[in-house]
Amino acid sequence: TQEWPVLGQTHQLSYTIPIERTVVDGRGVRGFGDVALNYRYQAVLKDNIAFAPRFSVLLPTGDYKKGLGSGTVGYQINLPLSIKLSDRFVTHYNLGMTFTPNSKDLSGAKADTFSTNYGASVIYLASKNLNLMLEAAGSSDQVVAGPGRTYNENSFFINPGLRYAIDCKVKGKDVLQIVPGISFPIGVGPSKGEYGVLAYLSFEHSLF
């Protein structure tokens, strides 16, 4: 994902290019998924509250025959809210919805699908550069089961982790911040018995 401000922080444009690996009929498949074009509006940024809704258009760049895309244009909205509780604790919340008309399964059968995603987290600012995180995230996804038919797939994970910021300076000025992170998702409820490791790497820099 690459995000740029448009004449300031209030309006931001970004794109997301996913590179995915999935399993179809017992064999691994790799390739590009559906590219997202995003617009974010910084609706609230004052005191201890930030709210920045995001609208996305999902382009059918992934091969639906390989399970890498929907085969059609989709639309998504996310409603993220951040609240600073104290100098050490920050909370984040998100609710998202995705509508994909005429989404295709592997055989090309079409159906409209509607999915939701939700999450909440508590971040502990252990130091200026180190954050300890505890997140909870879930989703309810409609999947095409045949012409005009869908079924639901649900997931829910608890995800403890941490991230660390490495500041890079040139002549005393911050020009780049590298943020590696790692977490350990634990499935509960509909995802009980699933475990994983999630690695994260972000490069945060100014436009000029």
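The values are calculated or read from the model by the stated rules, or taken from the named source; none is laboratory data. On a predicted model such as this, the values are computed, not experimentally measured, just so you know. Virtual Cβ from ideal backbone geometry, glycine too; neighbours counted across all protein chains shown. These area figures cover heavy atoms from the full protein model, side chains too; ligands, DNA and RNA do not enter into them. Shrake-Rupley method; radii C 1.70, N 1.55, O 1.52, S 1.80 Å.
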Scoring segment 117-208 by relative contact order with C-alpha pairs under 8 Å, at least six apart, yields a percentage of 21
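Give me the 1.4 Å probe accessible area per residue for the chain, excluding ligands and nucleic acids, in Å².
Each residue of the chain exposes 63 Å² on average to a 1.4 Å probe.
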Taking only the alpha carbons of segment 1-82, the radius of gyration and the largest Cα-Cα distance, Dmax, both in angstrom, are 15.9, 52
Segment 97-153 and segment 1-60 have their Cα centres apart by a whole-number Å value of 13
Phi-derived 3J(HN,Hα) across segment 117-123 with the Karplus relation (6.51, -1.76, 1.60, θ = phi - 60°), rounded Hz, x for Gly and Pro, is 9, 8, x, 8, 8, 10, 10
When the charge dipole of segment 68-171 is computed with +1 on Lys and Arg Cβ and -1 on Asp and Glu Cβ about the Cα centre, the Cα farthest towards its positive end, among 139, 160, 108, belongs to 160
Beyond 16 Å, the calculated P(r) of segment 102-145 holds a percent of Cα-Cα pairs equal to 60
Lys pairs in segment 21-124 with Cα under 19 Å (8 or more apart in sequence, or on separate chains) total 5
Whole-percent carbon and sulfur contribution to the accessible surface of segment 49-192 (1.4 Å, no ligands, DNA or RNA) stands at 62
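Mind ranking 21-29, 37-45 by how tightly packed they are, going by the mean number of other C-beta atoms within 10 angstrom, highest first?
Packing proxy ranking, top to bottom: 37-45, 21-29.
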Cross-link reach from residue 171 to lysines, straight Cα distance under 16 Å and at least 8 residues apart if same chain, gives none
Put 194, 135 in order of accessible area, largest first, probe 1.4 Å, and you get 194, 135
Phi angles of segment 104-115, converted by Karplus (6.51 cos²θ - 1.76 cosθ + 1.60, θ = phi - 60°) into ³J(HN,Hα) in whole Hz with x for Gly and Pro, give 10, 8, 4, 8, x, 5, 10, 7, 6, 10, 9, 10
With segment 30-150 reduced to its Cα atoms and the Debye formula applied, log10 I(q)/I(0) at q = 0.09, 0.13, 0.15, 0.22 1/Å amounts to -0.35, -0.65, -0.78, -1.17
Computed for the chain: size of charge dipole around the Cα centre, +1 on C-beta of each Lys and Arg, -1 on C-beta of each Asp and Glu, debye to nearest 20, value 300
By accessible area (1.4 Å), largest first, 192, 104, 84, 46 order as 192, 46, 84, 104
Heavy-atom accessible area with a 1.4 angstrom probe orders 97, 133, most exposed first, as 97, 133
Whole-percent tail of the Cα-Cα distance distribution for segment 100-174, cut at 16 Å, equals 67
Residue 155 neighbourhood, Cβ < 10 Å, K/R = +1, D/E = -1, net charge -3
